[in-house]
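*Asks:* Sending over a structure as structure tokens; questions will come in a sec.
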Amino acid sequence: MTRVVVLGAGIVGAACARELALAGCAVTVVDRARPAAATTAHGEGNVLVSDKEPGPELELAKLSLRLWPRVLDALPDAGAAEWDPKGGIVVATTGEGAAALREFADAQRAAGIMAEELDAAAFAEAEPHATKDVAAAVHYPQDAQVQPVGAATALLAGAVRAGAVLETGREAVGAVTRGGRITGVRTATGLVEGDAVVNAAGPWAGEVAARVGVRLDVRPRRGEVLVTTPVPPTVFHKVYDADYVGAVGSGAGELQASAVVESTRAGTILLGSSRRRVGFDDRLRPDVLAVIAGKALRLFPSLAGVPVMRAYGGFRPYVADHLPVIGADPDLPGLWHATGHEGAGIGLAAGTAAVLRDLMLGREPDVDATPFRVDRPAVRPEREVA
């Protein structure tokens, strides 16, 4: 039986652990803190196709979208995930934005995505509390949402039921190698041995890679979200400004912000979103929160009198070419990576786990995994010549 050590008990690590355990591997999940306590706990729970242009990430998103309901149906604790296939609506408020949104939607339709343009009356019916100042709106019925921590813990519980072992409070500090191959990881409390090691440490994956002796250019990118007090039903889809797609695809280090508004089953409304490259600086900045609130109010002016009860921020694993990293490390046999999803990790977790499982077992994945390989320039840049 192949022994696999999964580093990271966030949603990607939990999904990978479950798939590998179900495939017959002896899995040990190692996390330096608690399950789903870092990046996963600071996300919105997006399972989206609407924000991805045609290409490898969209294909992975389509796979994940097919897998998520099947995975949840197999989990006794699936109710905690709060799966909600609510659909999304992307809105443009300018003529220029409307033209770009229509072009984007046309390309997605050609790639097999359902994207229906709404006229003013249809948009008002779908979101009666939203602004009427809309130049174009496109409905994406395939978009969904989960409660991130609930989904991750349900996946992890599924992994444990399949035989996986969870060890928390253990931080990987180095690798154990034999014959040029990784055979385990060292932690402050001892050795965890395995025939393979999966680096699913999210924004810390680059740091973990360095600790075991390889390079991985995965960096933190910070995002913030505001949470309102519970209100009567007000927002019925995930509604966001078309600028969100540009912010997702931008590599700029300075603040990128766009309006993203959606409700939760608890009645609260999540207001996002922002993207900044500030290292691991976890301070909340009032100016950033003000920008988020202002953009959200332009989409939903009716929220002006609703109190914000809290704000939170988290780090997402950023890669310069905006593609996940899934596959074997070319420089250290036995080491695998599943990271680099930035803000899409929750939505892409099911597909990522399936792809990683197939690669590790020598099978052909359902999507082409070549674009996610570890040795591509954005992830493993050439060393500078002195």
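The values are calculated or read from the model by the stated rules, or taken from the named source; none is laboratory data. Bear in mind the structure is a predicted one, so any value in this text is a computation, not a measurement. Backbone-built Cβ (ideal geometry, glycine too); neighbour counts: all protein chains shown. Just the protein is used for accessible areas: all its heavy atoms, side chains included, with ligands, DNA and RNA removed. Shrake-Rupley method; radii C 1.70, N 1.55, O 1.52, S 1.80 Å.
*Asks:* As an exercise: evaluate Leu48 against (1) surrounded by fewer than 17 Cβ atoms within 10 Å (Cβ to Cβ); (2) in contact with a Phe, Trp or Tyr (Cβ under 9 Å, 6 or more places away or on another chain) and give the number of the one condition it does not meet.
*Replies:* For Leu48, the exception is condition (1).
*Asks:* Take Leu118 and tell me if it is within 23 Å of Ser258 (Cβ to Cβ), aliphatic (A, V, I, L, M), over 22 Å from the mean Cα position of the chain (by Cα) and buried (at least 20 other Cβ atoms within 10 Å of the Cβ). Write out each step before concluding.
*Replies:* Working: within 23 Å of Ser258 (Cβ to Cβ): yes; aliphatic (A, V, I, L, M): yes; over 22 Å from the mean Cα position of the chain (by Cα): yes; buried (at least 20 other Cβ atoms within 10 Å of the Cβ): no.
Against the criterion (within 23 Å of Ser258 (Cβ to Cβ), aliphatic (A, V, I, L, M), over 22 Å from the mean Cα position of the chain (by Cα) and buried (at least 20 other Cβ atoms within 10 Å of the Cβ)), Leu118 does not qualify.
*Asks:* Sticking with this one: Any idea which of (1) crowded, with 23+ Cβ neighbours inside 10 Å; (2) within 18 Å of Thr339 (Cβ to Cβ); (3) among the small types (Gly, Ala, Ser) is the one Ala37 doesn't satisfy?
*Replies:* For Ala37, the failing item is (1).
*Asks:* Counting just the residues of the stretch 189-228 that are more than 22 Å from the chain's Cα centre (by Cα) and of a type in the set (S, T, N, Q), which one comes out surrounded by the most Cβ atoms within 10 Å (Cβ to Cβ)?
*Replies:* Among residues in the stretch 189-228 that are more than 22 Å from the chain's Cα centre (by Cα) and of a type in the set (S, T, N, Q), the one surrounded by the most Cβ atoms within 10 Å (Cβ to Cβ) is Thr228.
*Asks:* Pull out all pairs, ordered by first then second residue, where Cβ-Cβ is under 8 Å, the residues are six or more apart or on different chains, the first lies in the stretch 82-110 and is open to solvent by 60 Å² or more (accessible area, probe 1.4 Å), and the second is in a loop (DSSP other than H, G, I, E, B) and polar (S, T, N, Q).
*Replies:* Qualifying pairs under 8 Å: Glu82/Gln147; Glu82/Thr264; Pro85/Gln142.
*Asks:* Counting just the residues of the stretch 277-322 that are in a helix (DSSP H, G or I) and within 22 Å of the chain's Cα centre (by Cα), which one comes out nearest to Ala124 (Cα to Cα)? Reasoning before the result, please.
*Replies:* Step one: filter the stretch 277-322 for residues in a helix (DSSP H, G or I), giving 286-299, 301-303.
Then keep just the ones that are within 22 Å of the chain's Cα centre (by Cα); that gives 288-289, 292, 296.
On the way: Val288: 29, Leu289: 27, Ile292: 23, Ala296: 17 Å.
Only one residue fits best here, namely Ala296.
*Asks:* Conditions first: (1) open to solvent by 20 Å² or more (accessible area, probe 1.4 Å); (2) in contact (Cβ under 8 Å) with a residue 24 or more places away in the chain; (3) not polar (S, T, N, Q). Leu7 passes all but one, so which condition is the exception?
*Replies:* All conditions pass for Leu7, except number (1).
The rows are residues; the columns are (1) of a type in the set (A, V, I, L, M, F, W, C); (2) out of contact with any helix residue (DSSP H, G or I) (no Cβ under 7 Å at 6 or more places or on another chain); (3) surrounded by fewer than 24 Cβ atoms within 10 Å (Cβ to Cβ).
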{"residue": "Leu332", "(1), (2), (3)": "yes, yes, yes"}
{"residue": "Thr339", "(1), (2), (3)": "no, no, no"}
{"residue": "Pro371", "(1), (2), (3)": "no, no, yes"}
{"residue": "Asp375", "(1), (2), (3)": "no, yes, yes"}
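*Asks:* From the residues in the stretch 137-163 that are in a loop (DSSP other than H, G, I, E, B) and open to solvent by less than 10 Å² (accessible area, probe 1.4 Å), which one is nearest to Val198 (Cα to Cα)?
*Replies:* Narrowing the stretch 137-163 to residues in a loop (DSSP other than H, G, I, E, B): 141-143, 146-147, 162-163.
Among the residues that remain, those that are also open to solvent by less than 10 Å² (accessible area, probe 1.4 Å) are: 143, 146.
On the way: Asp143: 29, Val146: 24 Å.
Among those residues, the one meeting the criterion is Val146.
*Asks:* Got a sec? Which of Leu361, Leu303 is surrounded by fewer than 17 Cβ atoms within 10 Å (Cβ to Cβ), in contact (Cβ under 8 Å) with a residue 40 or more places away in the chain, touching a helix residue (DSSP H, G or I) at 6+ places or on another chain (Cβ under 9 Å) and not acidic (Asp, Glu)? Working first, answer last.
*Replies:* Working: Leu303 fails: surrounded by fewer than 17 Cβ atoms within 10 Å (Cβ to Cβ).
It is Leu361.
*Asks:* Same structure, new question: Here is a list: Val173, Val146. Which entry is in contact (Cβ under 8 Å) with a residue 40 or more places away in the chain and of a type in the set (Val, Ile, Thr)? Give the steps one after another, and end with the answer.
*Replies:* Details: Val173 fails: in contact (Cβ under 8 Å) with a residue 40 or more places away in the chain.
Val146 is the lone residue from the list that is in contact (Cβ under 8 Å) with a residue 40 or more places away in the chain and of a type in the set (Val, Ile, Thr).
*Asks:* Now for a different question. With the checklist (1) within 25 Å of Val149 (Cα to Cα); (2) modelled with pLDDT under 95; (3) of a type in the set (A, V, I, L, M, F, W, C) in hand, flag the one item Ala386 doesn't pass.
*Replies:* (1)
*Asks:* Okay, next question. Do we have any residue at all in the stretch 244-251 that's among the polar types (S, T, N, Q), out of contact with any helix residue (DSSP H, G or I) (no Cβ under 7 Å at 6 or more places or on another chain), surrounded by fewer than 18 Cβ atoms within 10 Å (Cβ to Cβ) and modelled with pLDDT of 90 or more? If you could, list the steps in order and put the result at the bottom.
*Replies:* Filtering the stretch 244-251 for residues among the polar types (S, T, N, Q) gives 250.
Narrowing the set further to residues that are out of contact with any helix residue (DSSP H, G or I) (no Cβ under 7 Å at 6 or more places or on another chain) leaves 250.
Among the residues that remain, those that are also surrounded by fewer than 18 Cβ atoms within 10 Å (Cβ to Cβ) are: 250.
Applying the additional criterion that residues be modelled with pLDDT of 90 or more yields none.
Checked the stretch 244-251: no residue is among the polar types (S, T, N, Q), out of contact with any helix residue (DSSP H, G or I) (no Cβ under 7 Å at 6 or more places or on another chain), surrounded by fewer than 18 Cβ atoms within 10 Å (Cβ to Cβ) and modelled with pLDDT of 90 or more.
*Asks:* Considering only residues that are of a type in the set (Val, Ile, Thr) and assigned to a strand (DSSP E or B), which ones fall in the stretch 323-356? Lay out the reasoning, then the answer.
*Replies:* Looking only at the stretch 323-356, we keep the residues that are of a type in the set (Val, Ile, Thr), and these are 325-326, 339, 346, 352, 355.
Within the stretch 323-356, Val325, Ile326, Thr339 qualify.
*Asks:* It is to be established whether one or more residues within the stretch 281-291 are under 29 Å from Gly180 (Cα atoms), touching a residue at least 12 places away in the same chain (Cβ under 8 Å) and open to solvent by less than 20 Å² (accessible area, probe 1.4 Å).
*Replies:* Taking the stretch 281-291 as the starting set, the residues that turn out to be under 29 Å from Gly180 (Cα atoms) are none.
Within the stretch 281-291, not a single residue is under 29 Å from Gly180 (Cα atoms), touching a residue at least 12 places away in the same chain (Cβ under 8 Å) and open to solvent by less than 20 Å² (accessible area, probe 1.4 Å).
*Asks:* What's the number of the only condition in (1) in contact (Cβ under 8 Å) with a residue 60 or more places away in the chain; (2) open to solvent by 40 Å² or more (accessible area, probe 1.4 Å) that Met1 fails to meet?
*Replies:* Among (1) in contact (Cβ under 8 Å) with a residue 60 or more places away in the chain; (2) open to solvent by 40 Å² or more (accessible area, probe 1.4 Å), the lone unmet condition for Met1 is (1).
*Asks:* Continuing with the same structure: Would you point out the residue of the stretch 10-34, among those that are out of contact with any strand residue (DSSP E or B) (no Cβ under 9 Å at 6 or more places or on another chain) and in a loop (DSSP other than H, G, I, E, B), that is surrounded by the most Cβ atoms within 10 Å (Cβ to Cβ)? Lay out the reasoning, then the answer.
*Replies:* Of the residues in the stretch 10-34, the ones out of contact with any strand residue (DSSP E or B) (no Cβ under 9 Å at 6 or more places or on another chain) are 11, 19, 22-24.
With in a loop (DSSP other than H, G, I, E, B) added as a condition, the list becomes 23-24.
Details: Ala23: 16, Gly24: 12.
Filtering first and then ranking leaves Ala23.
*Asks:* Now, a different point. From the list Ala37, Ala21, Ala26, Ala14, exactly one residue is at negative phi and without any contact (Cβ under 8 Å) to a residue 60 or more places away in the chain. Which is it? Before the answer, list the steps.
*Replies:* Details: Ala21 fails: without any contact (Cβ under 8 Å) to a residue 60 or more places away in the chain; Ala26 fails: without any contact (Cβ under 8 Å) to a residue 60 or more places away in the chain; Ala14 fails: without any contact (Cβ under 8 Å) to a residue 60 or more places away in the chain.
From the options Ala37, Ala21, Ala26, Ala14, the qualifying one is Ala37.
*Asks:* Go through the residues of the stretch 320-328 one by one and say whether even a single one is under 23 Å from Thr153 (Cβ atoms) and modelled with pLDDT under 95. Full working, then the answer.
*Replies:* Step one: filter the stretch 320-328 for residues under 23 Å from Thr153 (Cβ atoms), giving 324, 326.
Adding the requirement that they be modelled with pLDDT under 95 leaves none.
Checking the stretch 320-328: not a single residue is under 23 Å from Thr153 (Cβ atoms) and modelled with pLDDT under 95.
*Asks:* Still on this structure: In the stretch 55-77, what residues are of a type in the set (A, V, I, L, M), in a helix (DSSP H, G or I) and open to solvent by 20 Å² or more (accessible area, probe 1.4 Å)? Write out each step before concluding.
*Replies:* Step one: of the stretch 55-77, the residues of a type in the set (A, V, I, L, M) are 58, 60-61, 63, 65, 67, 71-72, 74-75.
With in a helix (DSSP H, G or I) added as a condition, the list becomes 58, 60-61, 63, 65, 67, 71-72.
Once the filter is applied, which keeps residues that are of a type in the set (A, V, I, L, M), in a helix (DSSP H, G or I) and open to solvent by 20 Å² or more (accessible area, probe 1.4 Å), the stretch 55-77 yields Leu65, Leu67.
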